[in-house]
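Inspection log for the structure reproduced underneath, given as structure tokens.
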């Protein structure tokens, strides 16, 4: 086991540095936006640039990897990340930020794909769970650590933007200087959303709603913390609490969904989300500790629900369809993340920051209601091919789900059970 960890140590170091930079950027950008006096709708439009770039990268980046390989693509994408965040600090204009954030989102999604494809080459059935758990912990700790760097600087000047660029640039060194062989090119996945919807409507609708909620929170959560008067340190703690809640809930939600109809677990998660969001609305102005606890409860269902929908879609798919299903789910989730900020931004402008959680509560209610309706429409065994294992994601990313799809395909093929991928 120690040897397996050592074989990916440089990759994990690159990931840690990149995620510290990502965590810093994901908080300093909304803080700076609020300081500039931009409306929540304007900030939402900027966020849409990020999500469009992120979703587009799911389709485009594998083609670049096929042409020039993982290392060159990774180096190019990290360069784009560094340049995009520096330009945000140098050109403080919301119209320019749409382009910069789009570039940043495109590069971020691509780096996830490259890193996780690389990691997949170093794992086998014996160490896969352990290594990916270490990876998910690394991404979470890096993101949280980056958010706590914001109180150490002044978001109204370029210092934090420069620090973010430095961290992102440093993340390039461990991987590009590694002596490890490059991974094999990723599979070119097809996707057919119409067929996927016909097979599993609840998976598609749930993935869209999960994306809308995730996109709204990831892009406007920092705005919420500033608008309700939290300090940057308190805001970082609230954002960290959401991630911590997500990490702690993965195993119990996954185990429950593996033992019963996943749609019942979806209904339960939606109900918890509604209750937590309503509690947050009425707790604005309370002590920071109260907000942290409620935020952790929101996070406990905010991110895991996407993995629930992916698992349900894979239950109805053959092993040779896992990557295709994964691609369709990622695109659906990406479309949801684009819509989320655009829907929530005008509401926050009109009704105040707490309305973010009112909209999230409505999304959670729709998520639970649709899953309950589908339970009444179709028996749990109808169309079931096999019950696949729930695959945890701290925060859903295109790379993680692509790797999970390949893992499921490998595990489903007995001829590959002893191969290292």
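The values are calculated or read from the model by the stated rules, or taken from the named source; none is laboratory data. Note that the structure is a prediction, hence the values are computed from the model and not measured. A quick note on method: Cβ atoms are made from the backbone with ideal geometry, for glycine too, and the neighbour counts reach across all protein chains shown.
Inspect all residues belonging to region 288-297 and state whether any of them is at pLDDT below 85, buried (at least 18 other Cβ atoms within 10 Å of the Cβ) and closer than 19 Å to residue 212 by Cα.
No, region 288-297 contains no residue that is at pLDDT below 85, buried (at least 18 other Cβ atoms within 10 Å of the Cβ) and closer than 19 Å to residue 212 by Cα.
Which helices (runs of 4 or more DSSP H) sit wholly inside region 144-238 and have at least 2 residues that are modelled with pLDDT of 90 or more, surrounded by fewer than 24 Cβ atoms within 10 Å (Cβ to Cβ) and touching a helix residue (DSSP H, G or I) at 6+ places or on another chain (Cβ under 7 Å)?
Hits in region 144-238: 159-170, 201-227.
Of everything in region 342-381 that's out of contact with any helix residue (DSSP H, G or I) (no Cβ under 8 Å at 6 or more places or on another chain) and assigned to a helix (DSSP H, G or I), which residue is surrounded by the most Cβ atoms within 10 Å (Cβ to Cβ)?
362
Among the residues of region 254-268, is any outside the structural domain of residue 139 (by TED's automatic domain parsing), within 18 Å of residue 26 (Cα to Cα) and under 22 Å from the mean Cα position of the chain (by Cα)?
No, because not a single residue in region 254-268 is outside the structural domain of residue 139 (by TED's automatic domain parsing), within 18 Å of residue 26 (Cα to Cα) and under 22 Å from the mean Cα position of the chain (by Cα).
Could you tell me whether residue 84 is at pLDDT 85 or above, more than 17 Å from residue 219 (Cα to Cα) and not assigned by TED's automatic domain parsing to the domain that holds residue 334?
In short, no.
Can you confirm whether residue 317 is farther than 23 Å from residue 353 by Cβ and touching a residue at least 24 places away in the same chain (Cβ under 8 Å)?
yes
Look through region 281-295, keep the residues that are part of a helix (DSSP H, G or I) and touching a residue at least 40 places away in the same chain (Cβ under 8 Å), and return whichever of them is farthest from residue 224 (Cα to Cα).
Ranking the qualifying residues of region 281-295, first place goes to 293.
Which residue out of 53, 23, 89 is part of a helix (DSSP H, G or I), outside the structural domain of residue 327 (by TED's automatic domain parsing) and free of Cβ contacts under 8 Å to residues at least 60 places away in the same chain?
53
Would you mind finding the one in 305, 278 that is surrounded by fewer than 24 Cβ atoms within 10 Å (Cβ to Cβ), part of a helix (DSSP H, G or I) and in the same structural domain as residue 199 (by TED's automatic domain parsing)?
So the residue among 305, 278 that is surrounded by fewer than 24 Cβ atoms within 10 Å (Cβ to Cβ), part of a helix (DSSP H, G or I) and in the same structural domain as residue 199 (by TED's automatic domain parsing) is 278.
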